[in-house]
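These notes concern the structure reproduced below.
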Amino acid sequence: QVQLVESGGGLVQPGGSLRLSCAASGSIISTDVMGWFRQAPGLERELVAIINSGGTTVYADSVKGRFTISRDNAKNTVYLQMNGLKPEDTAVYYCRLNRWSTNYWGQGTQVTVSS
């Protein structure tokens, strides 16, 4: 069983930056696909970014050029660097690990972008 714990959320002004971290309780296997999703009030959870074992990344159009996902398998951690934050980025951000068609989710971390 894998447990994921997100951290790094908070309140930031528009245009600011945050770095989210997601630490896995067990080892991240190199074939795991790691990702960040977010859910705003009243909306469905949506993909933000994913990264596979080879380092290939996919981003939602809304965050391209502003967010960067990365992973450090040695530290069992995946990161989301968020720059140029906008009020519409406000949401609970969730980390997900996909291993052999099974998804594991973290508890989420709140990101609020407001002046």
Hey, among the residues in segment 60-73 that are at pLDDT 95 or above and part of a strand (DSSP E or B), which one's most open to solvent (accessible area, probe 1.4 Å)?
THR68
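Checking the conditions here, which among ALA60, ALA40 is more than 11 Å from the chain's Cα centre (by Cα) and closer than 17 Å to GLY106 by Cα?
Values: ALA60 fails: closer than 17 Å to GLY106 by Cα.
Only one candidate qualifies: ALA40.
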Qualifying residue in segment 2-18 (condition: at pLDDT below 95 and within 14 Å of VAL111 (Cβ to Cβ)):
no
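Residue check: is GLY15 in contact (Cβ under 8 Å) with a residue 12 or more places away in the chain and either within 12 Å of VAL78 (Cβ to Cβ) or in contact with an Asp or Glu (Cβ under 7 Å, 6 or more places away or on another chain) (or both)? Give the steps one after another, and end with the answer.
Numbers: in contact (Cβ under 8 Å) with a residue 12 or more places away in the chain: yes; either within 12 Å of VAL78 (Cβ to Cβ) or in contact with an Asp or Glu (Cβ under 7 Å, 6 or more places away or on another chain) (or both): no.
Here the answer is no, as GLY15 does not meet what is asked.
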Looking only at segment 93-108, decide whether some residue is assigned to a loop (DSSP other than H, G, I, E, B), modelled with pLDDT of 95 or more and open to solvent by less than 50 Å² (accessible area, probe 1.4 Å).
yes
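The values are calculated or read from the model by the stated rules, or taken from the named source; none is laboratory data. Given the structure is predicted, the values throughout are model-derived calculations rather than measurements. Positions of Cβ are backbone-derived with ideal geometry, glycine not excepted, and every protein chain shown enters the neighbour counts. The area values use the complete protein model at the heavy-atom level, side chains included, leaving out ligands, DNA and RNA. Shrake-Rupley method; radii C 1.70, N 1.55, O 1.52, S 1.80 Å.
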